[in-house]
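Inspection log for the structure reproduced underneath, given as structure tokens.
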Amino acid sequence: MEPQAEEFFHRLLHTPSPSGFEQPIQQVVREYAQGFADEVRTDVHGNVYAIRRAQGRSAGSVRVMLAGHCDQIGLMVQHIDTEGFLYVQPIGGWDMQILLGQCLTVWTRQGPISGVVARRAVHLLKPEEKNKVPDFPDIWLDIGARNRAEAEEWVRIGDPVTFALGWRPLRNDLLAGPGMDDKVGLWVCLEALRLLRDRPLHVDLYAVSTVAEEIGLRGATTAAYTVQPTVGIAVDVCHATDTPGNDRKTQGEIRCGGGPVVFRGPNINPRVFDRLEAAASRLELAIQVRGVPRATGTDANAIQISRHGVACGLIGIPNRYMHSPVEVVHRQDLVQAAQLLAEFCASLTPDLDWTP
């Protein structure tokens, strides 16, 4: 990564963005994109659009949309009891067994507050409780408050909560931390736009930081309706299967560091797939191919069926331990995904036929 792109990546990973509370990270995106986009704007839903216009063409040019969602799974404060303990409910999909014992951050109007999520110590659990996965009403967030009055001096009902943010380097250029889903995809879309800053474009290119993906692809739905793209490509994480216990017969053989994943299936336009594959060949980039015989559950699903339909593609960043505080990705997969997207977009002309 070039220094400015790496700094942007670090800022993304240190900025909270639970679904519905993406304002802080979208401010980071806006500030960064100003340096290489022709236009940056935000809609009332919270999606941020960084736009490069086609050279020498009117506003009616063919439009291409790149989508990476900025939101991450989170929690929301639902109740404060008389002793000052916080009870939370999930934003997005959580694995309770991963949540127990974690350091969390409550993002309040006065600033971040650290806390720990816990239940009674194992010594105090009844035998029938030890082998039961607790539900959200069975756990609490301890911020150290003496009572409800003290907790309420800082915390309001509805405040968002995340894992303690940040990242750690692992060996062999692997990076671990919460929120890789999908801050890595957002980074790839913006990096592709940055890489194209000195290259001529024959289409209007929209790199969109979409909101609320984790609660139903909501931002991509409104963004695609707004942009009306001819071609749309989502960039999201996908399950790496290079760890113990994964069934590669059903999930494919996907490894961190093996290159970006290019998807095939009914959610994917075959001409988009072919051009992504050709772009990888021109750059001599290794890619991994993943087949999905259904709608993918990513922003690509919402984009594909917007208005009269969109020629859609999907690029995945291999990710170990998704929706955990230790999501693992490979730095080179991100860099190569951005290079692939930039090459794909630079090759497009308005007269291309995307009809399957």
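The values are calculated or read from the model by the stated rules, or taken from the named source; none is laboratory data. Keep in mind that this is a model prediction, so the values were computed, not measured. When we count neighbours, we look across all protein chains shown, and the Cβ atoms used for this are built from the backbone with ideal geometry, even at glycine.
Limited to the range 258-296, what total is found for residues that are free of Cβ contacts under 8 Å to residues at least 24 places away in the same chain and at positive phi?
Here the count works out to 1.
Against the definition (out of contact with any Ser or Thr (no Cβ under 8 Å at 6 or more places or on another chain), surrounded by fewer than 17 Cβ atoms within 10 Å (Cβ to Cβ) and part of a loop (DSSP other than H, G, I, E, B)), how does PRO356 come out, yes or no? Working first, answer last.
Details: out of contact with any Ser or Thr (no Cβ under 8 Å at 6 or more places or on another chain): yes; surrounded by fewer than 17 Cβ atoms within 10 Å (Cβ to Cβ): yes; part of a loop (DSSP other than H, G, I, E, B): yes.
Yes: the conditions hold for PRO356.
Only one of (1) touching a helix residue (DSSP H, G or I) at 6+ places or on another chain (Cβ under 9 Å); (2) charged (D, E, K, R); (3) within 21 Å of TYR321 (Cα to Cα) fails for ARG171. Which number is that?
All conditions are met except number (1).
Considering the range 77-89 alone, what residues qualify as being buried (at least 18 other Cβ atoms within 10 Å of the Cβ) and at negative phi?
From the range 77-89, those buried (at least 18 other Cβ atoms within 10 Å of the Cβ) are 77, 80, 84-86, 88; that's our starting set.
Across the range 77-89, the qualifying residues are VAL77, ILE80, PHE85, LEU86, VAL88.
Which condition number in (1) in contact with a Pro (Cβ under 9 Å, 6 or more places away or on another chain); (2) within 28 Å of ARG168 (Cβ to Cβ); (3) of a type in the set (Lys, Arg) is the one that ARG248 fails?
All conditions are met except number (1).
With a cut-off of at least 2 residues that are touching a strand residue (DSSP E or B) at 6+ places or on another chain (Cβ under 9 Å), name the helices (runs of 4 or more DSSP H) lying wholly within the range 196-308.
On the way: elements: 218-227, 248-251, 270-283, 299-304.
The qualifying helices (runs of 4 or more DSSP H) are 218-227, 270-283, 299-304.
Can you say whether GLU253 is buried (at least 23 other Cβ atoms within 10 Å of the Cβ) and of a type in the set (Asp, Glu), as far as the supplied structure shows?
On the way: buried (at least 23 other Cβ atoms within 10 Å of the Cβ): no; of a type in the set (Asp, Glu): yes.
No.
Restricting the first residue to the range 323-339 and requiring it to be over 21 Å from SER19 (Cβ atoms), which pairs with a second residue that is polar (S, T, N, Q) and buried (at least 20 other Cβ atoms within 10 Å of the Cβ) meet a Cβ separation below 9 Å and a spacing of at least six or different chains?
Filtered contacts from the range 323-339: VAL328/ASN319.
What number goes with the only condition from (1) within 19 Å of the chain's Cα centre (by Cα); (2) more than 17 Å from THR222 (Cα to Cα) that HIS45 does not pass?
All conditions are met except number (2).
Consider the range 312-324. How many of its residues are surrounded by fewer than 24 Cβ atoms within 10 Å (Cβ to Cβ) and either touching a helix residue (DSSP H, G or I) at 6+ places or on another chain (Cβ under 7 Å) or within 24 Å of ALA223 (Cβ to Cβ) (or both)?
Looking only at that region, the number is 3.
Within the range 42-63, identify whether any single residue is touching a Pro at 6+ places or on another chain (Cβ under 7 Å) and either modelled with pLDDT of 95 or more or part of a strand (DSSP E or B) (or both), and answer yes or no. Walk me through it before giving the result.
If we filter the range 42-63 for residues that are touching a Pro at 6+ places or on another chain (Cβ under 7 Å), which is where we start, we get 55, 61-63.
Filter again for either modelled with pLDDT of 95 or more or part of a strand (DSSP E or B) (or both), leaving 63.
Yes: the range 42-63 contains one or more residues that are touching a Pro at 6+ places or on another chain (Cβ under 7 Å) and either modelled with pLDDT of 95 or more or part of a strand (DSSP E or B) (or both).
Residue pairs, Cβ under 8 Å, 6 or more apart or interchain, first in the range 38-53 and more than 15 Å from HIS69 (Cβ to Cβ) and in contact (Cβ under 8 Å) with a residue 40 or more places away in the chain, second surrounded by 22 or more Cβ atoms within 10 Å (Cβ to Cβ) and not hydrophobic (A, V, I, L, M, F, W, C). List them.
ILE51/ASP204; ILE51/TYR206; ARG52/ASP204; ARG53/ASP204
Pairs please, first residue from the range 6-22 and over 17 Å from PRO112 (Cβ atoms), second anywhere and aliphatic (A, V, I, L, M) and in a helix (DSSP H, G or I), Cβ atoms under 9 Å, 6+ apart in sequence or on different chains.
Final answer for the pair search is PHE8/VAL28; PHE8/VAL29; PHE8/LEU190; PHE9/VAL184; PHE9/LEU334; SER19/ILE215; GLY20/ILE215.
From the list VAL161, VAL155, exactly one residue is in a loop (DSSP other than H, G, I, E, B), among the β-branched types (Val, Ile, Thr), closer than 17 Å to PRO16 by Cα and in contact (Cβ under 8 Å) with a residue 60 or more places away in the chain. Which is it? Walk me through how you get there before you give the answer.
Details: VAL161 fails: in a loop (DSSP other than H, G, I, E, B).
After ruling out the rest, the residue left standing is VAL155.
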